[in-house]
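The values are calculated or read from the model by the stated rules, or taken from the named source; none is laboratory data. What you are looking at is a predicted structure, and each value in this text was computed from that prediction instead of being measured. Neighbour counts are summed over all protein chains in view; Cβ atoms, including those assigned to glycine, are modelled from backbone coordinates with ideal geometry.
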Amino acid sequence: MCGITGFYDESSTLSGQTILDNMLGTIRQRGPDSEGMWSEGGVNFGHRRLAVLDLSPAGHQPMVSSTGRFIIVFNGEIYNYKEIKDTLERQLNYQWRGHSDTEIMLAAIEAWGMNTALQAFNGMFAFAVWDRQQRKLILARDRLGEKPLYYTQQNGAFIFGSELRCLEAHPKFQRDIDSNALAEFFRFNDVPAPLTIYQNTFKLLPAHYLTWSPDNQELKEQCYWNLAEVALQGQQDLLSYNSDEEAINQLDVLLRDAVRLRMEADVPLGAFLSGGIDSSIVVAMMQAQSVSPVKTFSIGFDIEGYNEAEHAKAVAKHLGTDHTEQYVTGRQAMGVVPKLGGIYDEPFADASQIPTYLVSGIAKQHVTVCLSGDGGDELFGGYSRYQETPNVWHKLNKIPVRSMVTAWLSALSERSLKVILGMLRPILQPYVSKPITLTTFRHTLPLLSTKNQLAFYRMTMQNWRQPSQLVKNYTPSAVRIFNDSFDLPDFLHVMMLHDGLNYLPNDILTKVDRATMAVSLEGRIPLIDHRIAEFAWQLPASLKFKNNQGKWILRQVLYRYVPPELIDRPKMGFGVPLGSWLRHDLRDWVESLLDPMHIRNQGHLNSDIIQKTWQAHLSGHADYSKKLWSVLMFQAWQNER
């Protein structure tokens, strides 16, 4: 795991090495073991290394191919590099200099071309390659979006990096905030790709590669694997089994292999363990293939309703892992909050970023690589909203002239709304897991006017539903962010595909990458191996949802290793009591960031709306912590710039 950055600029008044040194300094935490730079004719590559495979100098980057044609800087791991190496050796008489996956990547690119090589790679990666022969720069990113890659073309320079802070360190980079991206951040708690918080600066989309030539300054972006096509084709060509047991067996084999590949490292390795289905199945597969106890890590809170440590401990004891748990007080957890603006180089407001960072720090004290159980919910239907949302949609869809009803309800006084809610609550409450309060009812009203299932689901995922009222000088962007429709057989798979394309890379994987890299820990995620994704999308809904439970087939595999009584319980999530913290322990910090004069001087947000929301939250009659958290994370991010 590493950090990469670079640029092309023939007109800079500063030396490439000086600029690279500044850019690399911003991502030192991503690669504390060594640093490398390479420059030639305006092309400048920089690399920070966290050594995991081939710890010798033979794995040093930037790396030049054996013929001298290609130069690469690479962040990530290619898990099937040995298989690729064997294939190359059968085709070519190749003399290897070391045993790093980087060298094998270069050989594959040279032998097969970029598109074919990318198809062969099974891994998490973001890399840049300079082709001396064709004079072009190529950027590429892994299939599901595990590793980040940013780029921009400004003032005669093309700049890229693992994090936005790399680009910010280049003297030609302009830090003009994109009002549309800011609005989308408040809508979804992250800045969705390909947008970034800055104008004219973008994230490379998952499963894409981009080519750019200094000779014509043109960008060409290509997709080498398409999750939407995988989903659509998979649901059209469902796998056929004589019994459920056959499907369970096949998934068992796939999971074992995905975990096995990710267990290879020349440094200490472990796993996060929450005691939930996904992390437990990863640890179970690790322990089944390990000759010694696997190192596992969990975090506990002294806060009722937010502690999964006891569940993790029980699973660890059953599997026989070398388990480390650390309890954290609410005050210790809150101590992380002021650091978040610096850890996340772009505004990010999923509050589970706090425990994720804390457990990463615990793991780093013992290991350099840690496996994680993320991705199972999006591929196998694990979120409770996948059950609740269709039920609510079908109920609301029966309401005639819904848009007129929405307008009428929105105009009612709070007292009248309470009366209406009293009549509707018995009808709607059975379909949702959380109590329907007046706040949630108001938040739900705009849903009545949505025209189709996908629009309805997307709105249920939104935080600020009208961010254009919050963001000053809001200008809608022509950049396409979301698919408008999916031709899938059921609402369940529509929701899952939407999350796989958006929520998974923009929120979940971003959170894990930044939290682990902030402490120089490499995170690996077996459940999003593309072979498992392709398999999951060829399964019918009946193998994902059964007996009112999501992730049915994943549970059946896990039950082979862990008794159901240790696993079967309501999904808790990985959160903190944010609403209470903001009202009490963090109140001084909140009010310093939400100071009306300060916000008005910054010129990006409507201070009146923010103050109204803050006062409503302080009253205790409503919980606006999620809305406020997004504002606070934007403010904290700005303070770090």
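Any idea which of G382, G375 is within 26 Å of G500 (Cβ to Cβ), touching a residue at least 12 places away in the same chain (Cβ under 8 Å) and touching a Lys or Arg at 6+ places or on another chain (Cβ under 6 Å)?
G382
Test G270 against the stated conditions and say whether it is on the phi > 0 side of the Ramachandran plot and not in a helix (DSSP H, G or I). Break it down into steps so the answer makes sense when it comes.
Values: on the phi > 0 side of the Ramachandran plot: no; not in a helix (DSSP H, G or I): yes.
The answer is no for G270.
Go through the stretch 188-242 and report how many residues are of a type in the set (V, I, T) and out of contact with any Pro (no Cβ under 7 Å at 6 or more places or on another chain). Spell out the reasoning first.
Narrowing the stretch 188-242 to residues of a type in the set (V, I, T): 191, 196-197, 201, 211, 230.
Next cut, out of contact with any Pro (no Cβ under 7 Å at 6 or more places or on another chain) only: 196, 201, 211, 230.
Residues that pass the stated criteria total 4.
Look through D588, D608, D595 and report the one residue that is closer than 18 Å to Q469 by Cα and among the charged types (D, E, K, R).
D608
I want to confirm something. Restricting to the stretch 342-354 and keeping residues that are part of a helix (DSSP H, G or I) and modelled with pLDDT of 90 or more, which single residue is farthest from W629 (Cα to Cα)? If you could, list the steps in order and put the result at the bottom.
As a first pass, look at the stretch 342-354 and keep what is part of a helix (DSSP H, G or I): 342-343, 353-354.
Imposing the further condition that a residue be modelled with pLDDT of 90 or more reduces the set to 343, 353-354.
Working: I343: 16, Q353: 12, I354: 12 Å.
That would be I343.
What are the residues in the stretch 1-15 that are of a type outside the set (D, E) and under 32 Å from the mean Cα position of the chain (by Cα), if any? Reasoning before the result, please.
Of the residues in the stretch 1-15, the ones of a type outside the set (D, E) are 1-8, 11-15.
The answer is M1, C2, G3, I4, T5, G6, F7, Y8.
In the stretch 285-314, what residues are surrounded by fewer than 24 Cβ atoms within 10 Å (Cβ to Cβ), of a type in the set (A, V, I, L, M) and modelled with pLDDT of 90 or more? Talk me through it step by step, then tell me what you get.
Step one: filter the stretch 285-314 for residues surrounded by fewer than 24 Cβ atoms within 10 Å (Cβ to Cβ), giving 287-293, 295, 300-311, 313-314.
The next check asks that each one be of a type in the set (A, V, I, L, M); those that pass are 288, 291, 303, 309, 314.
Passing the criteria: A288, V291, A314.
Give the residue, chosen from G42, G36, that is more than 26 Å from the chain's Cα centre (by Cα) and in contact (Cβ under 8 Å) with a residue 60 or more places away in the chain.
Numbers: G36 fails: in contact (Cβ under 8 Å) with a residue 60 or more places away in the chain.
The unique qualifying residue is G42.
Out of the residues in the stretch 385-402 that are in contact (Cβ under 8 Å) with a residue 24 or more places away in the chain and of a type in the set (A, V, I, L, M, F, W, C), which is farthest from P293 (Cα to Cα)?
Looking only at the stretch 385-402, we keep the residues that are in contact (Cβ under 8 Å) with a residue 24 or more places away in the chain, and these are 385-393, 395-396, 399, 402.
If we keep only those that are of a type in the set (A, V, I, L, M, F, W, C) too, we end up with 392-393, 396, 399.
Numbers: V392: 46, W393: 47, L396: 52, I399: 57 Å.
Filtering first and then ranking leaves I399.
Residue by residue through the stretch 130-168, note down the ones that are buried (at least 24 other Cβ atoms within 10 Å of the Cβ), in a strand (DSSP E or B) and among the hydroxyl-bearing types (S, T, Y).
Hit for the stretch 130-168 is Y150, nothing else.
Go through (1) closer than 30 Å to M124 by Cβ; (2) surrounded by 13 or more Cβ atoms within 10 Å (Cβ to Cβ) one by one and return the number of the condition D487 breaks.
Of everything listed in (1) closer than 30 Å to M124 by Cβ; (2) surrounded by 13 or more Cβ atoms within 10 Å (Cβ to Cβ), D487 misses just condition (2).
Got a number for residues in the stretch 368-392 being crowded, with 19+ Cβ neighbours inside 10 Å and part of a helix (DSSP H, G or I)?
Initial filter on the stretch 368-392 (crowded, with 19+ Cβ neighbours inside 10 Å): 368-382, 386, 389-390.
Subset that is part of a helix (DSSP H, G or I): 376-380, 386, 389-390.
Of the residues in that region, 8 qualify.
Quick check on this structure: which one of W96, W130 is under 20 Å from G59 (Cβ atoms) and touching a residue at least 40 places away in the same chain (Cβ under 8 Å)?
Numbers: W96 fails: touching a residue at least 40 places away in the same chain (Cβ under 8 Å).
Step by step, each of W96, W130 is checked, and only W130 is under 20 Å from G59 (Cβ atoms) and touching a residue at least 40 places away in the same chain (Cβ under 8 Å).
Take the residues in the stretch 323-341 that are out of contact with any Pro (no Cβ under 8 Å at 6 or more places or on another chain) and assigned to a helix (DSSP H, G or I), then tell me which one is surrounded by the fewest Cβ atoms within 10 Å (Cβ to Cβ).
R331
Please find, within the stretch 342-367, the residue that is surrounded by the most Cβ atoms within 10 Å (Cβ to Cβ) out of those that are under 20 Å from S162 (Cβ atoms) and among the β-branched types (V, I, T).
T356
Of the residues I84, I27, which single one is surrounded by 23 or more Cβ atoms within 10 Å (Cβ to Cβ) and either in contact with a helix residue (DSSP H, G or I) (Cβ under 6 Å, 6 or more places away or on another chain) or at pLDDT 85 or above (or both)? Reasoning before the result, please.
Values: I84 fails: surrounded by 23 or more Cβ atoms within 10 Å (Cβ to Cβ).
Of I84, I27, the one residue that is surrounded by 23 or more Cβ atoms within 10 Å (Cβ to Cβ) and either in contact with a helix residue (DSSP H, G or I) (Cβ under 6 Å, 6 or more places away or on another chain) or at pLDDT 85 or above (or both) is I27.
Given the criterion crowded, with 18+ Cβ neighbours inside 10 Å, in contact (Cβ under 8 Å) with a residue 60 or more places away in the chain, touching a Pro at 6+ places or on another chain (Cβ under 8 Å) and closer than 27 Å to Q133 by Cβ, identify the matching residue among I19, I72. Walk me through it before giving the result.
Values: I72 fails: in contact (Cβ under 8 Å) with a residue 60 or more places away in the chain.
Criteria check complete, one pass: I19.
Checking F186 against (1) in contact with a Ser or Thr (Cβ under 6 Å, 6 or more places away or on another chain); (2) touching a residue at least 24 places away in the same chain (Cβ under 8 Å); (3) in a strand (DSSP E or B): exactly one of these is not met. Which one?
(3)
Would a scan of the stretch 531-541 turn up a residue that is surrounded by 16 or more Cβ atoms within 10 Å (Cβ to Cβ), at pLDDT 95 or above and either among the aromatic types (F, W, Y) or in the same structural domain as I177 (by TED's automatic domain parsing) (or both)?
Yes; the residues of the stretch 531-541 include at least one that is surrounded by 16 or more Cβ atoms within 10 Å (Cβ to Cβ), at pLDDT 95 or above and either among the aromatic types (F, W, Y) or in the same structural domain as I177 (by TED's automatic domain parsing) (or both).
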